[in-house]
1. Over the stretch 1-94, what portion of Cα pair distances is larger than 20 Å, expressed as a whole percent?
2. Report Rg(Cα)/(2.2 N^0.38 Å) for the stretch 1-46, keeping two decimals.
3. Would you check the accessible area of ASP30, probe 1.4 Å, heavy atoms only, in square angstrom rounded to 10?
4. Just to confirm, what accessible area per residue do you get for the chain at 1.4 Å probe, in whole Å²?
5. Taking a 22 Å limit on the Cα-Cα distance, which of the listed pairs LYS141/LYS278; LYS148/LYS279; LYS139/LYS279; LYS148/LYS217; LYS2/LYS141 fall beyond it?
6. Give the distance, in whole Å, between the Cα centre of the stretch 148-168 and the Cα centre of the stretch 78-111.
7. In whole percent, what relative contact order does the chain give with Cα contacts below 8 Å and a gap of six or more residues?
Amino acid sequence: MKSKIDIFLKWFIVVDLIVLMINYLHNYLDVAWIPASPGRRLNNPLAALLIAVFLRGWVNVDFRTRWLAKLKIVLTETPQRNYFFAALFLLILFFEGMHLISPHKSLWDLNIEKGYGTYFSTIQLFVLGVSVLIVSQEKSKDPQPVPKIWEWNGFAFIFLFISLDECIGLHDKIGVEVAGTLSRWPIFSSVFVWLWIYAPLIIGAIVFFIRFFLRIKGEYRTARNYFYAGLFSWIVAIALEAIARKSLYPRNLLIAAEEGLEMAGATLFLFGVGVYLKKLQARPK
């Protein structure tokens, strides 16, 4: 049964990549010889691709082992990790610059969920979630892991969920659905509606993160510091998102700061995971 599912997922990934290419060439590059495309954006097929890759890794041990080994090398070995994280930070600076230089172009507008910045964030968060699962897998060999395995899996789930939300805009869709109801009360119109809906989840996630970080052993304090830095970046980004709607500051600058902190926060989390994993692998067996 697993082999049949694996074959299906393999071909699904191939077809989905073709759809992504056609959509990109037709809608983003205006290639004349492609008369039509199956959609206008890359978001849905990109989300489907990442889900299919994740599921294929779940059912195909060889596929999972091969790609997780490559990811481990990128996260922990020099000079690969230096090149990788330097590239991530340079890309963030590039997206920030293009947003400020060409705010009228939707592909560079970091506030529109169909530009290059969104696709970068989606993929980075997905890689972050998978990287945490690598740590969870390594910790499963420990008879008494601290934090516990379910906590590492919860840590990973949050990043994978945010990746999906970033790609298909779940928060925006929820905000549109309830905007009419909540708009009757002035307090709810002071910030974006989705922030009110997500508030319990955001607070719960922050509490979970802080509790999780406090349980990380002192020998991993460098990784823990990067985790705190990533969380702080995200909290400030959420605060900027909340004030952006009514702020007197130029909205374009606030968006650049908010989105830049979101992307940088994910990179800091990922760097922390790499530091943690490297330290974990160096322990005496």
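1. Considering the stretch 1-94, 57 percent of its Cα-Cα pairs are separated by more than 20 Å.
2. 1.39
3. For ASP30, the solvent-accessible surface is approximately 120 Å².
4. Dividing the accessible area of the chain by its residue count gives 55 Å².
5. Over 22 Å Cα-Cα: LYS2/LYS141.
6. 23 Å
7. Relative contact order of the chain: 18 percent.
The values are calculated or read from the model by the stated rules, or taken from the named source; none is laboratory data. If you're wondering where the values come from, they're calculated on a predicted model, not measured in any experiment. These accessible areas exclude ligands, DNA and RNA; they are computed on the full protein's heavy atoms, side chains included. Shrake-Rupley method; radii C 1.70, N 1.55, O 1.52, S 1.80 Å.
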